[in-house]
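The values are calculated or read from the model by the stated rules, or taken from the named source; none is laboratory data. Just so it is clear, the model here is predicted, and its values are computed rather than measured. No Cβ is skipped: glycine too gets one built from the backbone with ideal geometry, and neighbour counts run over all protein chains shown.
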Amino acid sequence: MRPLLKPLLLIATAPSLLLPAATLAAPAAAPARAAPAPAAPTLADARFDRFFDAFRQAVLANDRQKVADMVALPFKDFSGTEPARSANTRAQFLAHYDAIFTPDVIAAIRDRKLRAFQPGADDGEAPGPIRKGEVLLVVEDLTHQLIFAPRGNGYALNRIPFYS
């Protein structure tokens with residue numbers, strides 16, 4: 001067996017078979033026919049854009065009454081955190097306002113950190129927080145994220161999603 005290995009080693013180390021160092025260091029080029037990356041999901045529609053612009057203005061102006069006008073009651077907190085921020089009435093929602101609209105939530109609203117429903121991730125195949133047509137306010141602390149859902153001819157702040 002030794003005699004066969006030596007010729008193979010000589011062939012493998014022959015200078016004519018070695019690649020230049022630059023070739024080894026360069027990353028491989030992407031195939032010309034690579035599939036394009038899937039497009040990022042778009043937000044629901046112009047109705048949501050109008051709603052969110054007005055909602056954002058109200059939150060940034062700390063106009064709690066106007067924000068409360070944009071909430072679907074009952075407003076449910078499915079996060080499992082204490083104290084619960086669910087509200088059956090406008091007065092209850094306003095009492096929980098500061099617990100719902102934390103500085104991180106307000107920053108996400110200001111910066112428009114939104115994500116629309118994503119098929120495959122949010123359709124029951126995975127523990128997704130959103131249903132088709134809804135939009136998620138993305139906040140680092142998952143227990144403070146918010147869901148906006150279609151309501152009538154527009155949208156409303158609907159709930160705090162559940163995460164397992």
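Here is a yes/no grid of residues against (1) under 16 Å from the mean Cα position of the chain (by Cα); (2) not in a loop (DSSP other than H, G, I, E, B):
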position	(1), (2)
G80	no, no
P83	no, no
A91	no, yes
A107	yes, yes
R112	yes, no
A121	yes, no
I130	yes, no
Exercise. Does region 25-41 include one or more residues that are at pLDDT 50 or above and surrounded by 12 or more Cβ atoms within 10 Å (Cβ to Cβ)?
Worked result: no
For this session: Could you please let me know if N88 is farther than 24 Å from R112 by Cα and modelled with pLDDT of 95 or more?
Result: yes
Problem set entry | Selection within region 79-122 - charged (D, E, K, R), surrounded by fewer than 16 Cβ atoms within 10 Å (Cβ to Cβ) and farther than 19 Å from V67 by Cβ | E82
Exercise. What is the residue count in region 129-141 for residues that are closer than 23 Å to Q92 by Cβ, surrounded by fewer than 20 Cβ atoms within 10 Å (Cβ to Cβ) and out of contact with any Leu (no Cβ under 8 Å at 6 or more places or on another chain)?
Worked result: 1
